[in-house]
Amino acid sequence: MATLKDLPIVLLFEILSRLPAVSLLQFKSVCKLWYALINDPAIFSLQDKCIYINRRVVIDFEFFTYIPSIIKLSHTPDRSISIHDVINPSSDFPNFDICGHSHGLVCLSCDRDIFLFNMTTEKFHRLPSSILHYEDPNTDSSLTDCVGFGYDSKSRDFKVVRVVQFRDLDGEYYRPPGVEILELRKERWREIEFSTYMHIMVTGSTQVHHEEKSYWWSKNIEGNLIRTFDLSEEIFGEISVPDNLVEEELLYISMGMLNGSIVIFHGSKAGNEKTFSVWEMEKDVFSWSKLMTIGPFLGVEKPLLFVSSDELLIEADEGQVISYHVKTHVTKVIPIKGRPCVFADIFCQF
């Protein structure tokens, strides 16, 4: 009698891709084939299309001993929420930035240390050390300026890009940044040529990955802009920001995603009552339109992430995370709390 194990691989892959992560883990020991399929990150590309009830979000708490948490938001009538803490990959570096996610893998960076976290198996993988080095270890230093991560459909592999700045004792940049790329299958870095000076102001809130490109909030002599890196073509690009943000220094700025488009949040950092504007980038034309204004709010710090077209997560002054419905203006406190004002912005929607 034929069994489930005897199904064609294509059909088996389709069935497994429709199962939630918890169920997948229970089936890893069925046979070697199932184990290989479940560990294949490509299965998450189908899950992204099939899972529409549950949403997993990673919050990076930043600083001190706080570790990332995975929050599973269930889009059910009672809006049930479960919280699961992730083990920190290195006790020596408790402060990690989330640098991107793709197909169920999350990239975490702490200067020169980079890890990949598998959200299904909950295991960390440490990437090899950088091959970019400064000229004189007695007088020079290097600093990871930004990290990007995503899936390249052309090479059918995951890629990590890292930009490293080089400084002397006076803190001056004495050469253009170094750029290196790692392909996950090869598990080694290679340097690519880059001769332009640039400064990318990266925190968890000012970077996003979308459609095989990394986007970072950046700056040149003319003002603010968005720097891009195409993981497939391995080239940098630039996108203009809304005119009123080109020279702005005093506003809160962050980037996110909404309905497949990149959005910019901006608003005042000061004051008890805060209002934020949301700008949406027009697809394929790189122009911006003002989507909405939210607020004024009392007792909030900053917007974090759209979890749907109608729902936004916001950080409150006391460290809580608040769910805000942009149409009804109804708010709900999510039962998770960090140190006030130190939440990194939220990534990883599935």
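Pairs please, first residue from region 311-331 and farther than 11 Å from residue 294 by Cβ, second anywhere and small (Gly, Ala, Ser) and crowded, with 20+ Cβ neighbours inside 10 Å, Cβ atoms under 7 Å, 6+ apart in sequence or on different chains.
Taking only residues 6 or more apart or on different chains, the pairs are 319/338; 322/316.
Could you tell me whether region 285-296 includes any residue that is of a type in the set (D, E, K, R), over 22 Å from residue 147 (Cβ atoms) and touching a strand residue (DSSP E or B) at 6+ places or on another chain (Cβ under 7 Å)? Break it down stepwise before answering.
Of the residues in region 285-296, the ones of a type in the set (D, E, K, R) are 290.
From what is left, the residues that are over 22 Å from residue 147 (Cβ atoms) are 290.
Filter once more, keeping what is touching a strand residue (DSSP E or B) at 6+ places or on another chain (Cβ under 7 Å): 290.
Yes, there is a match, as at least one residue in region 285-296 is of a type in the set (D, E, K, R), over 22 Å from residue 147 (Cβ atoms) and touching a strand residue (DSSP E or B) at 6+ places or on another chain (Cβ under 7 Å).
Among the residues of region 146-183, count how many are surrounded by fewer than 16 Cβ atoms within 10 Å (Cβ to Cβ) and basic (Lys, Arg).
3
Has region 319-326 got at least one residue that is at pLDDT 70 or above, in contact with a strand residue (DSSP E or B) (Cβ under 6 Å, 6 or more places away or on another chain) and more than 19 Å from residue 275 (Cβ to Cβ)?
Yes, because at least one residue in region 319-326 is at pLDDT 70 or above, in contact with a strand residue (DSSP E or B) (Cβ under 6 Å, 6 or more places away or on another chain) and more than 19 Å from residue 275 (Cβ to Cβ).
Of everything in region 149-160, what is out of contact with any Leu (no Cβ under 7 Å at 6 or more places or on another chain) and either in contact (Cβ under 8 Å) with a residue 12 or more places away in the chain or assigned to a strand (DSSP E or B) (or both)? Give them in sequence order.
Correct list: 149, 151, 153, 154, 155.
Considering only region 289-317, state which residues are closer than 11 Å to residue 265 by Cα and surrounded by fewer than 18 Cβ atoms within 10 Å (Cβ to Cβ).
Those that are closer than 11 Å to residue 265 by Cα and surrounded by fewer than 18 Cβ atoms within 10 Å (Cβ to Cβ): 290, 291, 292, 293.
Taking interchain pairs and intrachain pairs at least six residues apart, which have beta carbon atoms under 7 angstrom, with the first residue in region 106-119 and at pLDDT 80 or above and among the small types (Gly, Ala, Ser) and the second buried (at least 24 other Cβ atoms within 10 Å of the Cβ) and not in a strand (DSSP E or B)?
Pairs found: 109/96.
Give 294, 262 a once-over and let me know the one that is touching an Asp or Glu at 6+ places or on another chain (Cβ under 8 Å), modelled with pLDDT of 85 or more and outside the structural domain of residue 227 (by TED's automatic domain parsing).
Working: 294 fails: touching an Asp or Glu at 6+ places or on another chain (Cβ under 8 Å).
The match here is 262.
Run down 306, 286 and say which single residue is touching a Leu at 6+ places or on another chain (Cβ under 8 Å), in contact (Cβ under 8 Å) with a residue 40 or more places away in the chain and among the hydrophobic types (A, V, I, L, M, F, W, C).
Result: 306 is the single residue among 306, 286 that is touching a Leu at 6+ places or on another chain (Cβ under 8 Å), in contact (Cβ under 8 Å) with a residue 40 or more places away in the chain and among the hydrophobic types (A, V, I, L, M, F, W, C).
For region 278-286, indicate whether the set of residues that are touching an Asp or Glu at 6+ places or on another chain (Cβ under 9 Å) and not small (Gly, Ala, Ser) is non-empty.
Quick first cut of region 278-286, residues touching an Asp or Glu at 6+ places or on another chain (Cβ under 9 Å) only: none.
No, because not a single residue in region 278-286 is touching an Asp or Glu at 6+ places or on another chain (Cβ under 9 Å) and not small (Gly, Ala, Ser).
The values are calculated or read from the model by the stated rules, or taken from the named source; none is laboratory data. Since the structure is predicted, the reported quantities are computational estimates derived from the model, not experimental observations. Note: ideal-geometry Cβ built from the backbone for every residue, glycine included; neighbour counts use all protein chains shown.
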